[in-house]
Amino acid sequence: MRLLPVGDDALLLDLDSSEQAQAWHTELLRRRDQGALPPVREIVPGDRTVLLDGVPDLPAVRAALRDCPVPSLPPGSGPLVDIPVRYDGADLGVVAETWGVSREEVVRLHSGTEHRVAFCGFAPGFAYMTGMDERYAVPRRAEPRTSVPAGSVALAGHYTGIYPRASPGGWQVIGTTDARLWDLGREPAALLVPGTRVRFAPVGDAQGETDA
């Protein structure tokens, strides 16, 4: 772990993996809730980082982190959200070919994995979810789409994401969901926040085909 200053009142934990970032994020939230961490306004996870923002006493936080043992991610921690998915995405065949399996096996592997929100970004309500083994990482599309429909379930690298609204994007779309990812009338507005566990449940014609 590397501690990097960010401005006058923030620290960035620079870590070696997404798993470490998720474990540190969970541990720091726990310590703050228990009063075992000096005051920190926000704790924000990234791909391989955790940002501590709004830190009035940087030396105290540095000392607390140096004394903190390297955490592990507790199994089964975090709230669980089930997302119904129609596995009818235009890139389902591409993903199946990349993995060397059938479309049905892509559905089985993806829906049979418990995913976890590592961090959020790109657009309000967009969650980057881990869980798939690294051997199932897929490249982004060579030519991004100018518009990906809201509710598209897609893969890029080892992440799964759901587009909360129509937007350009280069991820491989494998399905669609009617789940509302971002709702300002809800608290919190994002359905999927860092630390949430996610299960995808196939519905309808799980292996339906669409035009690319």
What number, rounded to the nearest 500 deg cm²/dmol, is the helix-based mean residue ellipticity at 222 nm of the chain, given -39500 (n - 2.57) per DSSP H run of at least four residues and division by all its residues?
-6000 deg cm²/dmol
By accessible area (1.4 Å), largest first, GLU27, GLU97 order as GLU97, GLU27
Considering only protein heavy atoms and a probe of 1.4 Å, how much of the accessible area of segment 1-112 is carbon and sulfur, as a whole percent?
51 percent
Give the residue from ALA21, GLY170, ALA96 lying farthest towards the positive end of the charge dipole for the chain; charges sit on Cβ (+1 for Lys and Arg, -1 for Asp and Glu) and the dipole is referred to the Cα centre.
ALA21
Based on Cα coordinates alone, diagonalise the gyration tensor for segment 1-94, multiply each eigenvalue by 5, take square roots, and list the semi-axes in whole Å, largest first.
31, 16, 13
Per principal axis, largest first, the Cα atoms of segment 74-114 extend in Å by 34, 19, 12
Net charge around GLY46, counting only other residues with Cβ within less than 15 Å of its Cβ (Lys, Arg = +1; Asp, Glu = -1)?
-3
Å² per residue, accessible surface of segment 125-190 at 1.4 Å:
48 Å²
re segment 123-212: pairs of Cα atoms spaced beyond 20 Å account for a percent value of 36 percent
Low-density loop positions, trypsin sites (Lys or Arg not before Pro), segment 35-94 - DSSP coil, at most 15 other Cβ in 10 Å
ARG41
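The values are calculated or read from the model by the stated rules, or taken from the named source; none is laboratory data. Because the structure is a prediction, the values reported are computed rather than measured. Note: ideal-geometry Cβ built from the backbone for every residue, glycine included; neighbour counts use all protein chains shown. Only protein heavy atoms, including side chains, enter the accessible area calculation; ligands, DNA and RNA are left aside. Shrake-Rupley method; radii C 1.70, N 1.55, O 1.52, S 1.80 Å.
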